[in-house]
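Okay, so here's the structure we're looking at.
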Amino acid sequence: MRIAWAFTGAGHLLLESVVELEKLSLEHKVTVFLSRAGEEVLKMYGLFNRVKKVTGGYYRELALEREQEYSYPITGRLSMGRYKLLIVSPTTSNTVAKIVHGIADNLITNAVAQAGKGKVKTLIIPVDLEEGDVDTVLPSKLELEKCENCQPCKAAAACPQDAIIPGTEINLLKCSGCGTCELTCPFQAISGGKIITIYMRYLDVENTRKLTHLNGVSVLENPNDIEKHI
Ligand SMILES: Cc1cc2nc3c(=O)[nH]c(=O)nc-3n(C[C@H](O)[C@H](O)[C@H](O)COP(=O)(O)O)c2cc1C
């Protein structure tokens, strides 16, 4: 079966999404679409290479929004019904808001619009499901209260991406999530995978509810639920 899988720029449910993508790719031809933020965030969490690894070949392409022009011709495959299924997981509140308002101005929202036109079933796994507190995981973070501001900074010297600004922060746009810094800092001043609690806004949850009224779209709570729909 041909499946299109779109990643948007959410850290929440990201690892779970990559694990499901890996499973599906064993049995199906999966084309992966990444929004610009999706690509950045996958790198920050050290998951980009895992996604890249399952791609390669016809209908197994890795389609990067940053490499596309403004008309997103690859999404024409969806309007022509060339895929059995489109999965968007994880889906940011930004992308959900655009979808429910019919906006199709980037690779992922365009893919959803074209899937609707090609009657391709779409599964959306939004990160904002219910109002209230939700635990989510952060990428690598410099914990300043533990940082001894060593001169020179061993973690900065070891970072292959030159992403660490000693005594200040990690430049996440350079970080590839490899974790070398965590292993190198003698003061354990870099955390990886720290859990924080964030609040889901009413507006975003309301937009998710509106998604459930769209024709051809099913909203799932977790990437683990995808297999039941295939
Ligand atoms: C580390 C990191 C994690 C993020 N996690 C989320 C998230 O869980 N949910 C969300 O809605 N936005 C999250 N964002 C913000 C989105 O990436 C941002 O709104 C982006 O513009 C979304 O673009 P897209 O919907 O086109 O992918 C995160 C950003 C960063 C840097």
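The values are calculated or read from the model by the stated rules, or taken from the named source; none is laboratory data. Because the structure is predicted, anything quoted here is derived from the model rather than measured. Every residue, glycine among them, receives a Cβ derived from its backbone with ideal geometry; neighbour counts consider all protein chains shown.
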Practice task
Residues being within 10 Å of the ligand (Cβ to nearest atom), at pLDDT 95 or above and assigned to a loop (DSSP other than H, G, I, E, B): count how many of those fall in segment 79-129.
Solution key: 4
Exercise for the section: Report yes if Thr95 is closer than 14 Å to Ala6 by Cβ and either free of Cβ contacts under 8 Å to residues at least 40 places away in the same chain or touching a helix residue (DSSP H, G or I) at 6+ places or on another chain (Cβ under 8 Å) (or both), otherwise no. Expected result: yes
Fill in the blank from the handout: Of the residues in segment 200-230, those that are assigned to a strand (DSSP E or B) and either in the same structural domain as Pro160 (by TED's automatic domain parsing) or of a type in the set (A, V, I, L, M, F, W, C) (or both) come to Met200, Val217, Val219
Exercise for the section: Would you check if there is a residue in segment 125-138 being surrounded by 18 or more Cβ atoms within 10 Å (Cβ to Cβ) and more than 25 Å from Glu227 (Cβ to Cβ)? Expected result: no
Problem - Meets criteria (under 26 Å from Ile198 (Cβ atoms), aliphatic (A, V, I, L, M) and within 9 Å of the ligand (Cβ to nearest atom)) for Val41 - result: yes
Handout entry: Residues located in segment 50-78, provided they are acidic (Asp, Glu) and either within 16 Å of the ligand (Cβ to nearest atom) or more than 21 Å from Leu14 (Cα to Cα) (or both)
Key = Glu65, Glu67, Glu69
Fill in the blank from the handout: Counting only residues in segment 3-38 that are among the acidic types (Asp, Glu) and surrounded by fewer than 19 Cβ atoms within 10 Å (Cβ to Cβ), the one farthest from the ligand (Cβ to nearest atom) is identified as Glu27
Practice task
Could you tell me which numbered condition Gln151 fails, if it satisfies all but one of (1) within 27 Å of Ile230 (Cα to Cα); (2) surrounded by fewer than 20 Cβ atoms within 10 Å (Cβ to Cβ)?
Solution key: (1)
Exercise for the section: Please go through segment 130-141 and pick out each residue that is acidic (Asp, Glu) and within 9 Å of the ligand (Cβ to nearest atom). Expected result: none
